[in-house]
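Some notes on the structure that comes next.
The values are calculated or read from the model by the stated rules, or taken from the named source; none is laboratory data. Values in this document were obtained by computation on a predicted structure and should not be read as measured data. Positions of Cβ are generated from backbone atoms using ideal geometry, with glycine treated the same way; all protein chains shown enter the neighbour counts. Each accessible area value is taken on the protein alone, full model and side chains, heavy atoms only, with ligands, DNA and RNA left out. Shrake-Rupley method; radii C 1.70, N 1.55, O 1.52, S 1.80 Å.
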Amino acid sequence: MQPFDLEKHLRTHIQSLKPYASARHEYAGVEGIFLDANENPFGSTETAAYMRYPDPYQQTLKARLSVLKGIDAAHIFLGNGSDEVIDLLMRLFCEPQADRILIMPPTYGMYAVNAAIHRIGVLEVPLSESYALRPEKVLKSATPNTKICFICSPNNPTGNALDVAHILEIVENFEGIVVLDEAYIDFSGEASFVGVLEKYPNLVVLQTFSKAWGLAGLRLGMAFASTQIIGYLNKIKAPYNLGRATQEIALKNLANQAQKEIFVQKICKLRESLSRALQKIPLVEKVYPSDANFLLVKITDADRVYRTLVERKVIVRNQTNVPFCGGCLRISVGTPAENAQLLDELAGLQSS
Ligand SMILES: *Cc1c(COP(=O)(O)O)cnc(C)c1O
């Protein structure tokens, strides 16, 4: 890899920006009479547990994650869902109305939406017909103002894990930041890129508590990157971006990783049985291979099937208007009973 000069890629005003210094930042001790943050000294109506501002850098939680992921805590940033991290990364690297991000549709919708919010351009280099990465096309299309390349693997909504050699080709040759979104990595056989982060100073790996950990309602996303990138994320984040409750609940769940693994095994098995069962239904034209906890399914008259399923209170994601996903529904793997009901409803529908 070429030597990587992060400052060259940052928006210039971020480098000299003076961040907000919070009360808990200026004095981080745990003992004393705290008259520095304008909190209510009596506590809340329910409990005294949340009367104080939380640790702005979530040190206890990061220490635990550091052991779990085998990476120093200084390489970890935590956000209010991955969505917050995606937003912060664009704020760090992309100048509105001048810079662009590169995405490979069909992929996760938030990259383009977030870019639109900031008036950042979006360069689209579609995946191949079989939803594979095309590194040569990606590298050829990128221009100097293409600041971030988003790769999602396993990809949403297609479900497939992308070729590791293809991902590496982009990470090693893209002249900007590469964000690898591993929201579904637990459900795939692939190793996380967190293990090789050391080698790639331009790489940011995203993971989340929303999928395998079963904590979508908590709003907790993880980013792994160089200490330099993490430092800049910390510089621009809201001072207390994660609540005390979020940090506590995450720690409690992390204590039982074995149970998470059991859920993941179960979901992967159910994914395969659901896929086989779907393929036997006449309306179903194709079930795409999945390394995630959902299936992309091509269905005859998908719009009508979608509406009928909703009427029967079975809610799936309609992808029929998503470019490159024509005629498809995205179906999350449910419990055995939920999957059975979905299959029942589908089997009962006649193609017209
Ligand atoms: C679900 C999902 C996420 C998770 O987002 P959170 O904000 O952490 O809930 C991130 N990326 C992709 C591709 C996803 O599908």
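Cross-link reach is defined here as a Cα-Cα straight distance under 17 Å, omitting same-chain residues fewer than 8 places apart; for Lys298 the lysines meeting it are Lys280, Lys286. Computed over the alpha-carbon atoms, segment 205-263 gives an Rg to Rh ratio of 1.01, Rh here being the Kirkwood radius from the mean inverse distance.
Measuring nothing but how far apart in sequence close Cα pairs (under 8 Å, 6+ apart) lie, relative to its length, segment 178-328 scores a relative contact order of 17 percent.
Label positions at Ile117 and Arg304, each projected 7 Å from the Cα along the C-beta direction, are separated by 3.9 nm.
Our coupling estimate for segment 243-249, obtained by passing each phi through the Karplus curve with A = 6.51, B = -1.76, C = 1.60 and θ = phi - 60°, is x, 4, 4, 4, 5, 5, 5 Hz, Gly and Pro reported as x. Using alpha carbon centroids, what distance separates segment 160-194 and segment 300-352, in Å? Taking the Cα centre of each part, segment 160-194 and segment 300-352 sit 30 Å apart.
Give Lys62/Lys147; Lys8/Lys237; Lys211/Lys313; Lys211/Lys269; Lys8/Lys62 a once-over and call out the pairs whose C-alpha atoms are over 18 Å from each other. Among Lys62/Lys147; Lys8/Lys237; Lys211/Lys313; Lys211/Lys269; Lys8/Lys62, the Cα-Cα distance tops 18 Å for Lys62/Lys147; Lys8/Lys237; Lys211/Lys313; Lys8/Lys62.
Taking θ as phi - 60° and the Karplus parameters 6.51, -1.76 and 1.60, the scalar couplings of segment 285-297 work out to 8, 7, 10, 6, x, 10, 10, 10, 9, 8, 10, 8, 10 Hz in sequence order, x denoting glycine and proline. The listed peptides 33-46, 227-240, ordered by packing as a protection proxy, come out as 227-240, 33-46 (highest mean of other Cβ atoms within 10 Å first). Couplings for segment 21-33, taken from phi via the Karplus curve 6.51 cos²θ - 1.76 cosθ + 1.60 with θ = phi - 60°, read 9, 7, 4, 6, 7, 6, 10, 9, x, 9, 10, x, 9 Hz in order; Gly and Pro are left as x.
Ellipticity at 222 nm from helices only: DSSP H runs of n ≥ 4 in the chain, each -39500 (n - 2.57), divided by the residue count, give -10500 deg cm²/dmol. Selection among Leu133, Leu10, Phe187 by position relative to the dipole of the chain gives Phe187 as farthest towards the positive end (Cβ unit charges, Cα centre). Computed over neighbours whose Cβ is under 13 Å from that of Met222, the net charge equals 0, Lys and Arg +1, Asp and Glu -1.
Annotation: amide H of Thr208 within the under-5 Å range of Met222, sequence separation 5 or more or interchain, hydrogens built in the peptide plane. Just so you know, the Rg over Rh for the chain is 1.00, from Cα atoms, with Rh as the Kirkwood radius. Solvent-accessible surface of the chain, averaged per residue with a 1.4 angstrom probe and all protein chains in place: 49 square angstrom.
Once the Cβ-Cβ distance of Lys235 and Ala49 is raised to the sixth power relative to R0 = 30 Å, the FRET efficiency obtained is 0.55.
If one puts a single equal scatterer on every Cα of segment 134-212 and applies the Debye formula without solvent, what log₁₀ I(q)/I(0) results at q = 0.17, 0.26 Å⁻¹? Those come out to -0.64, -1.37, one per q. What's the Cα-based Rg to Rh of segment 229-340, Rh via Kirkwood? Result for segment 229-340 is an Rg/Rh of 1.13. Cross-link partners for Lys260 among the aspartates and glutamates, with Cα-Cα distance under 14 Å and sequence neighbours closer than 8 places in the same chain left out: Asp186. Placing +1 on each Lys and Arg Cβ and -1 on each Asp and Glu Cβ, with no other charges, gives the chain a dipole about its Cα centre of roughly 440 debye.
All distinct Cα pairs of segment 284-352 go into the 1/r average, and the inverse of that average, the Kirkwood radius, is 12.2 Å. To the nearest 10, the accessible area of His13 is 90 Å² with a 1.4 Å probe.
Normalising the average separation of contacting C-alpha pairs (under 8 angstrom, six or more residues apart) by the number of residues puts the relative contact order of the chain at 17 percent. Bridgeable aspartates and glutamates around Lys137 (alpha carbons under 12 Å apart, same-chain partners fewer than 8 residues away excluded): Glu124, Glu169.
Between the Cα long axis of helix 227-236 and the first principal axis of the chain there is an angle of about 80°, rounded to the nearest 10. Within the accessible surface of segment 78-173, defined with a 1.4 Å probe on protein heavy atoms only, the carbon and sulfur portion equals 50 percent. Working from label points 7 Å from Cα in the Cα-to-Cβ sense, the Thr143 to Gln228 distance is 2.6 nm. Above 17 Å, the calculated P(r) of segment 42-126 contains 64 percent of its Cα-Cα pairs.
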